[in-house]
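As structure tokens, the structure follows; a few thoughts come after it.
The values are calculated or read from the model by the stated rules, or taken from the named source; none is laboratory data. Here the structure is a predicted model, which is why all the values come from computation and not from measurement. FYI the Cβ positions are ideal-geometry reconstructions off the backbone, even for glycines, and counts take in every protein chain you see. Accessible surface areas use protein heavy atoms only, side chains included; no ligands, DNA or RNA. Shrake-Rupley method; radii C 1.70, N 1.55, O 1.52, S 1.80 Å.
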2 protein chains.
Amino acid sequence: MTRLSINTPRLISEINQLATFSDAPAPAVTRILYSDQDQAARVWLRQRILDAGLTMREDALGNLFARLIGSDPTLPAVGTGSHIDAIPHSGKYDGVVGVLGGLEAIRALQEAGIKPKRSIELVMFTAEEPTRFGIGCLGSRAMAGTLKPAELLAMTDSDGANLDDLRKGAGFTQSLDTVQLSPETYSSFIELHIEQGPRLERDKLQIGIVTSIAAPATLRVVLHGDGGHAGATLMPGRRDALVAASEIVQDVERAAHESGSPDAVATVGLLQVHPGAVNSIPSKVTLEIDIRDTRLDSRDGMVDRVLAKIEEVCERRKIGRDVEVLNRDDPCQSGPHIIKAAESVTQELGYSYKKLVSRAYHDTLFMAQLCPTAMIFVPSENGYSHRPEEYTTDEEIARGVEVLALTMAKLANE
Amino acid sequence: MTRLSINTPRLISEINQLATFSDAPAPAVTRILYSDQDQAARVWLRQRILDAGLTMREDALGNLFARLIGSDPTLPAVGTGSHIDAIPHSGKYDGVVGVLGGLEAIRALQEAGIKPKRSIELVMFTAEEPTRFGIGCLGSRAMAGTLKPAELLAMTDSDGANLDDLRKGAGFTQSLDTVQLSPETYSSFIELHIEQGPRLERDKLQIGIVTSIAAPATLRVVLHGDGGHAGATLMPGRRDALVAASEIVQDVERAAHESGSPDAVATVGLLQVHPGAVNSIPSKVTLEIDIRDTRLDSRDGMVDRVLAKIEEVCERRKIGRDVEVLNRDDPCQSGPHIIKAAESVTQELGYSYKKLVSRAYHDTLFMAQLCPTAMIFVPSENGYSHRPEEYTTDEEIARGVEVLALTMAKLANE
């Protein structure tokens, strides 16, 4: 097998450069969809792609496609990619390793003089993170057609700004009808990502090959109580939205503990109090709840239990509620031939590895509706992710890029 | 007794004009200390005071003093006043009725040709609400000397902006050493205010005469847990700051219910989650807790119970914490001669009334450290306050102004 030369210093320097486009002080990274920093990061990324001599297009949501043309451009391509948006106060590797690592993989193939039969295409997905619109994988959902143009047109952020206005303001003015991809676009899709968990590090392994992605569900709950002066309104007549919310927060934790599933996780990551003054009774609370498991029945059992608890608490406390299930997606299984290709490349390179389940949510979950998929993981120090301390060594990233490049080369000649 | 002519249309028009200086859409009012809207409201108020021909001064924090000079200007004055700052999404009467009603009371005395012996002084206190600096009655605390210049210099808002820079930027550039008043400034102080509770309305009474103010305590608690990806971090190792916070919210409510005191109230009005993304475990939560009772021992019992609960939860969940008792003030008793004066005026006017305790926190609590004080309450529809629905009828406001004016005239001739 050809060994590739991965230009690790170039790649790491690019990861560090991209981290400077941020609304949080380093080492934290905050990069929200269509923000000034996101726009500046996109300008910078386009230049890297043009420097690599790739063909580029962007769709009506800002999903970006960079293609190395194969010797038979009529064949479905091999896809790779990830995202560059970052939740508030997170780190510099989540998503970015799959975008800049994917670019480096393509450059390594070019520099080794490898000319694949199928084209190889890097995708930078718009908004894998749910920060702005409350739904993860916005770009890939739309590409897969599970999020329709009419639904996109109806979406607003928490300030009431319209997705359609925002994306046009960011320069993506085409019709939203053009975002959905045909199933003939890709023959396979493979995403490089940091593990965001401690398993590879704990087992001292270099590479993870993802066999399935856990099924996430997201709820948004708005509780409507009664406000008033915290000093003058006596306890008996109160309808305090925050005390109701705190019962729900407790139950979300218990739902995971009592599910009986070791992979069950349930989290209230967002809780906003209105009006939010020390001497004012909370009249409105917004919660966003994230519930996952590798088993669909267990995940749905937790969702149903939490929904029932919300009803019980709100009935007892006379609290109004708007409950939305923002998504309740099915798990996905990786394509056996991609697992096999990645596994044989990893073995030939002599890297230690294991096959594992991804408990985190990725664009690959939606790409799986278009073509066979898989993912390659590299270790995360202490399992940290979505925080400034997120870290993967330069060598570990380079190994992931090498496995990705050679797996894509193999798939591109099938 | 002279009956006064209260110019109710003028007063109500002014209350409505002042409500337009707001960072929230009407009918909600949001007016934060030293914000552009607060500054614009101050410009407008100065003009009303100058139009009334009063002598005006402002101190180094923006406390504003408007004086009707008495026939013996060397005597301590009779004071009245309240505040015009408004917590987010509150109403247009809280505080404002005491400032514009106090101004109308002075104008009514002028227009009736009454020349009091003592001067009568209207005070507009800076920041009675704790919104910006987390402490209520900023201006009156400083005037009473319970908040020292060195403490003021150390204060910052939640964005890290310095109180000293902000007040200078707002045009109040004198030395902070000049804010504290001498006990000889006032012979008595009497504040007109909406009740912010349902008692007068329920008993169909027109006037409340406040005999004491309940003792408030405020805690600020910052919980430090561990962040991470909500999908990839399994439950057993988690240190989720929000789940810990939700136990504390529950206990704050229970503390009031289990205190055995019918006047006990305990509220978590502010709770902020960091980083605040649906797929991120909360690593930091800030809570502000407000605990009050008319009995000091009961109030302190609740504070101690909540402090103990915070320790217990944080030990069990391995959560770091910074706990600050921002204030823990003593209740105040009204001056018997002021109660007597207000009571006899109210009786002579033929208005129905009762004597009652104020469960809400007012600048009068701190003025009581300088001179004898009391308060006059007018009814609040449904007891609502700190919300857009706050409402007191024009006639009820006018009755309160009439009682205030004649009580001040009586006190000013003592």
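Among the residues of segment B:239-259, the one identified as open to solvent by less than 10 Å² (accessible area, probe 1.4 Å) and touching a His at 6+ places or on another chain (Cβ under 9 Å) is B:Ala241.
Within segment A:157-177, residues that are without any contact (Cβ under 8 Å) to a residue 24 or more places away in the chain sit with their Cβ atoms under 7 Å from residues that are open to solvent by 20 Å² or more (accessible area, probe 1.4 Å), at 6+ positions apart or across chains, in these pairs: A:Asn162/A:Thr156; A:Asp164/A:Leu153.
Kindly evaluate B:Leu200 against the criterion of being within 10 Å of chain A (Cβ to nearest Cβ) and modelled with pLDDT of 95 or more. Don't jump to the end; show me each part of the working.
Working: within 10 Å of chain A (Cβ to nearest Cβ): no; modelled with pLDDT of 95 or more: yes.
Considered against the rule, which asks whether it is within 10 Å of chain A (Cβ to nearest Cβ) and modelled with pLDDT of 95 or more, B:Leu200 comes out as no.
I'd like to know if segment A:286-308 contains one or more residues that are outside the structural domain of A:Val222 (by TED's automatic domain parsing) and part of a helix (DSSP H, G or I). Among the residues of segment A:286-308, not one is outside the structural domain of A:Val222 (by TED's automatic domain parsing) and part of a helix (DSSP H, G or I), which makes the answer no. When segment A:162-186 is limited to residues that are of a type in the set (S, T, N, Q) and more than 17 Å from A:Ser140 (Cβ to Cβ), the one that is most open to solvent (accessible area, probe 1.4 Å) turns out to be A:Thr173. Annotation: A:Thr218 fulfils all but one of (1) under 19 Å from the mean Cα position of the chain (by Cα); (2) closer than 30 Å to A:Ile106 by Cβ; (3) hydroxyl-bearing (Ser, Thr, Tyr); the unmet one is (2). Hey, can you tell me all the residues within segment B:365-407 that are within 13 Å of chain A (Cβ to nearest Cβ) and part of a helix (DSSP H, G or I)? Listed by number, the residues that qualify are B:Leu365, B:Glu381, B:Asn382, B:Gly383. Summed over segment B:46-56, the residues that are in contact (Cβ under 8 Å) with a residue 40 or more places away in the chain and basic (Lys, Arg) give a count of 1. Contact map, segment A:330-347: residues that are touching a residue at least 40 places away in the same chain (Cβ under 8 Å) paired with residues that are open to solvent by 70 Å² or more (accessible area, probe 1.4 Å), Cβ distance under 6 Å, separation 6+ or inter-chain. Pairs shown: A:Ala341/A:Lys410. Here B:Val273, B:Val222, B:Val265 are screened, and the one residue that is open to solvent by less than 10 Å² (accessible area, probe 1.4 Å), touching a residue at least 12 places away in the same chain (Cβ under 8 Å), on the phi < 0 side of the Ramachandran plot and outside the structural domain of B:Ala360 (by TED's automatic domain parsing) is B:Val265.
Note on segment A:265-284: residues that are at the interface with another protein chain (Cβ under 7 Å from one of its Cβ atoms) and closer than 18 Å to A:Ala360 by Cα amount to 5.
Remark: pairs (first residue in segment B:31-45, modelled with pLDDT of 95 or more; second residue among the hydroxyl-bearing types (Ser, Thr, Tyr) and open to solvent by less than 40 Å² (accessible area, probe 1.4 Å); Cβ separation under 7 Å; 6+ apart in sequence or on different chains) = B:Arg31/B:Ser22; B:Leu33/B:Thr126; B:Gln37/B:Ser22.
Yes/no per residue for (1) touching a strand residue (DSSP E or B) at 6+ places or on another chain (Cβ under 9 Å); (2) open to solvent by less than 10 Å² (accessible area, probe 1.4 Å); (3) within 13 Å of A:Leu200 (Cα to Cα):
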position: A:Ile339; (1), (2), (3): yes, no, no
position: A:Gln347; (1), (2), (3): yes, no, no
position: A:Lys355; (1), (2), (3): yes, no, yes
position: A:Thr373; (1), (2), (3): yes, yes, no
position: A:Phe377; (1), (2), (3): yes, yes, yes
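Could you check, for segment B:77-88, whether at least one of its residues is in contact with a Pro (Cβ under 6 Å, 6 or more places away or on another chain), in contact (Cβ under 8 Å) with a residue 24 or more places away in the chain and within 14 Å of chain A (Cβ to nearest Cβ)? Break it down into steps so the answer makes sense when it comes.
The initial filter retains those residues of segment B:77-88 that are in contact with a Pro (Cβ under 6 Å, 6 or more places away or on another chain), namely B:88.
If we keep only those that are in contact (Cβ under 8 Å) with a residue 24 or more places away in the chain as well, we get B:88.
Keeping just the survivors that are within 14 Å of chain A (Cβ to nearest Cβ) gives B:88.
The answer is yes, given that some residue of segment B:77-88 is in contact with a Pro (Cβ under 6 Å, 6 or more places away or on another chain), in contact (Cβ under 8 Å) with a residue 24 or more places away in the chain and within 14 Å of chain A (Cβ to nearest Cβ).
Hey, among A:Glu195, A:Glu151, which residue is in the same structural domain as A:Pro88 (by TED's automatic domain parsing) and touching a Pro at 6+ places or on another chain (Cβ under 7 Å)? Of A:Glu195, A:Glu151, the one residue that is in the same structural domain as A:Pro88 (by TED's automatic domain parsing) and touching a Pro at 6+ places or on another chain (Cβ under 7 Å) is A:Glu195.
When segment B:276-312 is filtered for residues that are buried (at least 23 other Cβ atoms within 10 Å of the Cβ), more than 27 Å from the chain's Cα centre (by Cα) and in contact (Cβ under 8 Å) with a residue 60 or more places away in the chain, only B:Ile310 remains. None of A:Ser188, A:Ser246 is of a type in the set (Gly, Ala, Ser) and not assigned by TED's automatic domain parsing to the domain that holds A:Ala105 except A:Ser246. The selection criterion, being touching a helix residue (DSSP H, G or I) at 6+ places or on another chain (Cβ under 6 Å) and more than 8 Å from chain A (Cβ to nearest Cβ), does not hold for B:Ala241. Looking only at residues in segment B:90-116 that are in a loop (DSSP other than H, G, I, E, B) and open to solvent by less than 20 Å² (accessible area, probe 1.4 Å), the one that is nearest to B:Ile190 (Cα to Cα) is B:Gly95.
Per the conditions (1) open to solvent by 40 Å² or more (accessible area, probe 1.4 Å); (2) within 14 Å of chain A (Cβ to nearest Cβ); (3) within 24 Å of the chain's Cα centre (by Cα), the sole criterion not satisfied by B:Arg316 is (3). Filter segment A:321-348 down to the residues that are farther than 30 Å from A:Gly225 by Cα, in contact with a helix residue (DSSP H, G or I) (Cβ under 7 Å, 6 or more places away or on another chain) and either in a strand (DSSP E or B) or among the basic types (Lys, Arg) (or both) and list them by number. A:Cys332, the sole residue that qualifies. Quickly run through segment B:322-337 and pick out the residues that are among the charged types (D, E, K, R) and open to solvent by less than 70 Å² (accessible area, probe 1.4 Å). Scanning segment B:322-337 gives a single hit, B:Asp329.
In this structure, A:Leu61 qualifies as out of contact with any Cys (no Cβ under 6 Å at 6 or more places or on another chain), assigned to a loop (DSSP other than H, G, I, E, B) and under 22 Å from A:Phe172 (Cα atoms).
For A:Glu195, state whether it is within 30 Å of A:Ala241 (Cα to Cα), open to solvent by less than 20 Å² (accessible area, probe 1.4 Å) and within 14 Å of chain B (Cβ to nearest Cβ).
no
Residues satisfying the criterion are absent from segment A:346-354 (criterion: among the aromatic types (Phe, Trp, Tyr) and modelled with pLDDT under 95).
Suppose we filter B:Gly53, B:Gly136, B:Gly79 for residues that are more than 16 Å from the chain's Cα centre (by Cα), among the small types (Gly, Ala, Ser), in the same structural domain as B:Cys371 (by TED's automatic domain parsing) and part of a loop (DSSP other than H, G, I, E, B); which single one remains? First the steps, then the outcome.
Numbers: B:Gly136 fails: more than 16 Å from the chain's Cα centre (by Cα); B:Gly79 fails: part of a loop (DSSP other than H, G, I, E, B).
Unique residue meeting the criteria: B:Gly53.
Quick one: in segment A:379-414, of everything that is of a type in the set (S, T, N, Q) and within 14 Å of A:Gly98 (Cβ to Cβ), which residue is surrounded by the fewest Cβ atoms within 10 Å (Cβ to Cβ)? It comes out as A:Thr392. Looking at segment A:2-30 only, could you name the residues that are open to solvent by less than 60 Å² (accessible area, probe 1.4 Å) and free of Cβ contacts under 8 Å to residues at least 24 places away in the same chain? Those that are open to solvent by less than 60 Å² (accessible area, probe 1.4 Å) and free of Cβ contacts under 8 Å to residues at least 24 places away in the same chain: A:Ser13, A:Phe21.
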